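Taken together, the values in this text are just the output of simple stated rules run on the coordinates, not laboratory data. Source: prediction; values computed, not measured. Cβ: placed from backbone, ideal geometry, glycine included. Neighbour counts: every protein chain shown.
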Amino acid sequence: MRQPPKQRIAMGAIKAWRLKALILLIIPVVITGIVMVLTFIFDFIPYLVSILLIVITVVDAIVSPFLIPKLRWRRWRYEILDEEIYVQHGVLVVSQTLIPMVRVQHVDTKQGPILKNYQLATLTITTAATTHEIPALPEKEAADLRDLISDLARVGQDDV
Amino acid sequence: MSDYKRLHPLAILFNVFNLFKSSFYFLFTIIVLSIGDGFILYTLLGLSVLTIVFAVIGFLIWRRFEYSVSSDQIHIKQGLLIRKDRYISKHRIQSIDLTQSIFHRPLGLTRVDVETAGSDKKVDAALSAVQLSEGKWIQNVMKSRANVGQDASIDHHESVQRPNRNITNKELFIAGSTSGSVGVILGLIGLLFSQIENIIPEKFYSMTTTWFLSQAIETIILIALVIVVLLWLLGILGTFIKYGQFQITRYDNELFITRGLLEKKQMTIPLKRIQAVGIEEGLTRQPFGLATIYVVIAGGEIGQTADAHTLLFPIIRKSKVQNFLNEILLEYNHFPSDMVNVPKRSIPYYMVRVSILPVILFVVSYIFYPQLLWMFFIIFSIAWLLGIANYRNSSYGINGRYLAIQLRRLSKETVLVPRRRVQSIENKQHVLHRKQALGQVIVSLLSKQSGSHLTVKELEQDDINKMLDWLSKY
């Protein structure tokens, strides 16, 4: 891999992702529950299905809230240079992306209820062909970066 | 500001046609159902009423459609119930195309398509029928170096001595015969047949089948051969119609393309809008050293769903590409002389990738049709040949400010991108890749479908770093 970018995202990201994963855990739990009830009512559904679903749910309950957020955070790096934005992310598949500053069309910050709880915000960078996100930056930093990028991108902007 | 104009009344016809087209599936279902139930009379009555209603709506749409062209923008007012006002600024226009279909030509009319960047086709403007002189005038006014106020007599064709290239009949014939459209047409016929199968009377169907099966095997092969040859000829004819009288002319800041025998098309491509130049060698063309040459431009071409690219020339010898670019598009004559291939240790990835689909097919057919297994000898050989070809063609090259990417998606494609047209470069690696210092590189460009991504898989890590550094030197 190329020399990774220097900046890390906020530590709070781990907590935010963990919370999100825990909330999303409702879906497999509910599905498993429904299937178990159905198995109880109808005879033709084999018990193996329920057992399989329970195993998947348990694995999911361990991996997605407790393992993945940490790994994700460790890999997540970014760097805003004068002429380009350099981003690295990914757990199993690592991806490094280089975006020339003059190609940036617009930058947004956004914040859902979970991120708001931890005073974090996501920075979205859009070019004419692609969209890139830097998740979970401290609110203040996200706003500053947004303004910085929009200033840098304005210099030397030629049309599409 | 100039005053508002209406389209030629022929537009009403197009409106009605469009209304029918948009309700086609609905109508088609009803008609098929009613034919089966013997309600043909009512259906016909309903259709005629519908035609009258559509004619009225088509007329009203035409009445309410007004446009005005001024020195820096096009303004369009339209809408039956919801009024829409649209202003398109000159600086945002990617290109203006004139299309003359066989309906337009007897009346000296043309269709004008105004393309802007972006994937949303509804943002673009289309004037479905205006006088040809008016269309040319709009083209002139909206060009980057517009001479506003000059009349329409300034015609592209009058200013001669511009570098240009015409297609010859021989080239058209070669293009048609190698277009590989036989397969496409066969597929289409198959699709059509599966649709109308239900309509054909059972008796007729079974009679034909019995007759067909009772023939000697030689006859069947002969019939099949005749059909294939006919389709091949049809493909050639199609090419003649589509690309007949193809001409490309280089102006100072733009390319001008006219083509088409029945439907005449004129396209203006401002050089500033070109994102990349590509050479495509189709499966049926590569063995003969033939290729097509295209440009990637940003802008959703209306009604042209199949063509992702804009052809600069329908057929050309690979060895003549340099000459062609020298003459027409010197700015992009920078294809690097030596390309860097993906390393040998990436071969397994390429072979596994092409084998996935055949393996699935193999498993399925092993369960259901064990007697067909011999076919997989052929299928696997084809897949592996393709895998080797994919591996050998995947490469990149850097030539100063230009990056060339070569890859194969059935056809071999070589794309040249200037640095200032690259939207981003991404390097992706999974666990195995990291151990082997390989990676997948994705170069993103702006194109009609909001973005096109050129991917080279399993490239050497050092080479990817070189590409990233190349972009960094901005």
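Rounded to the nearest 20 debye, the dipole size of chain A about its Cα centre is 660 debye, using +1 on the Cβ of Lys and Arg and -1 on the Cβ of Asp and Glu. For chain A, a Gaussian network of Cα nodes joined below 10 Å ranks A:LYS110, A:LYS140, A:LYS70 by mean-square fluctuation, and the top entry is A:LYS140.
Dipole orientation for the protein assembly as shown: of the candidates B:VAL112, A:VAL63, B:GLN322, A:VAL63 has the Cα lying most toward the positive pole (charges on Cβ; Lys, Arg +1; Asp, Glu -1).
Shielding of peptide B:458-465 by partners, expressed as the average count of other chain Cβ atoms within 10 Å per residue Cβ, is 1. The Cα center of region A:33-63 and the Cα center of region B:332-396 differ in position by 39 Å. For the segment A:119-127, counting C-beta atoms of other chains within 10 Å of every residue's C-beta and taking the mean gives 1. Placing unit charges on the Cβ atoms of the charged side chains and taking the dipole of region B:10-142 about its Cα centre, the candidate lying farthest along the positive direction among B:VAL130, B:TYR67, B:ILE52 is B:TYR67.
Could you tell me which of rounded, prolate or oblate describes region B:10-142, using a ≥ b ≥ c as the square roots of the eigenvalues of the alpha-carbon gyration tensor, with rounded for a/c under 1.5 and, failing that, prolate when a/b is larger than b/c and oblate otherwise? In terms of gyration-tensor shape, prolate.
Rounded is the label for the protein assembly as shown, because a/c, from the alpha-carbon gyration tensor with a ≥ b ≥ c as root eigenvalues, stays below 1.5.
Only lysines eight or more places from B:LYS242 in sequence, or on another chain, were considered; those with a Cα closer than 18 Å are B:LYS170, B:LYS264, B:LYS265. Which one, A:LEU148, A:VAL102, A:LEU137, is farthest towards the positive end of the dipole of region A:94-157 when Lys and Arg carry +1 and Asp and Glu -1 on their Cβ? Looking along the dipole axis, the top candidate is A:VAL102. How much FRET efficiency would the formula 1/(1 + (r/R0)^6) give for A:LEU22 and A:ASP108, where r is the Cβ-Cβ distance and R0 is 30 Å, rounded to 0.05? The computed FRET efficiency comes out at 0.65.
The ranking of A:ILE99, B:ILE442 by Cβ neighbour count inside 10 Å, starting from the fewest, reads B:ILE442, A:ILE99. Hydrophobic long helices, here whole DSSP H runs in chain B with Kyte-Doolittle means of at least 0.5 and Cα atoms spread over 20 Å or more along the helix axis, are found at B:40-64, B:181-196, B:217-243, B:347-368, B:375-393. The dipole here belongs to chain B: it is taken about the Cα centre, uses +1 on the Cβ of Lys and Arg and -1 on the Cβ of Asp and Glu, and is about 920 debye. Here the dipole of the protein assembly as shown is about 920 debye; that uses its Cα centre as origin and unit charges on the Cβ of Lys and Arg (positive) and Asp and Glu (negative). Counting only other chain Cβ atoms within 10 Å of each residue's Cβ, the peptide B:419-431 averages 6. Rounded to the nearest 5, what % of DSSP beta bridges with both residues in the protein assembly as shown are antiparallel? Beta bridges within the protein assembly as shown, antiparallel portion: roughly 100 percent. Counting lysine pairs in region B:10-142 whose alpha carbons fall under 19 angstrom apart, excluding pairs fewer than 8 residues apart on the same chain, gives 10.
Taking a ≥ b ≥ c as the square roots of the eigenvalues of the alpha-carbon gyration tensor, region B:355-474 is classed prolate because a/c is 1.5 or more and a/b outweighs b/c.
Among the listed pairs B:LYS344/B:LYS457; A:LYS15/A:LYS140; A:LYS110/B:LYS457; B:LYS5/B:LYS272, those whose Cα-Cα separation exceeds 23 Å are A:LYS110/B:LYS457; B:LYS5/B:LYS272.
If one computes the Cα centroid of region B:30-92 and of region B:410-474, what distance in Å separates the two points? If you average the Cα positions of each part, the centres end up 45 Å apart. Can you give the FRET efficiency to the nearest 0.05 for B:ASN169 and A:ARG154, using r as the Cβ-Cβ distance and R₀ = 56 Å? The calculated FRET efficiency here is 0.60. Sorted fewest first by neighbouring Cβ atoms within 10 angstrom, B:VAL53, B:VAL456 come out as B:VAL53, B:VAL456.
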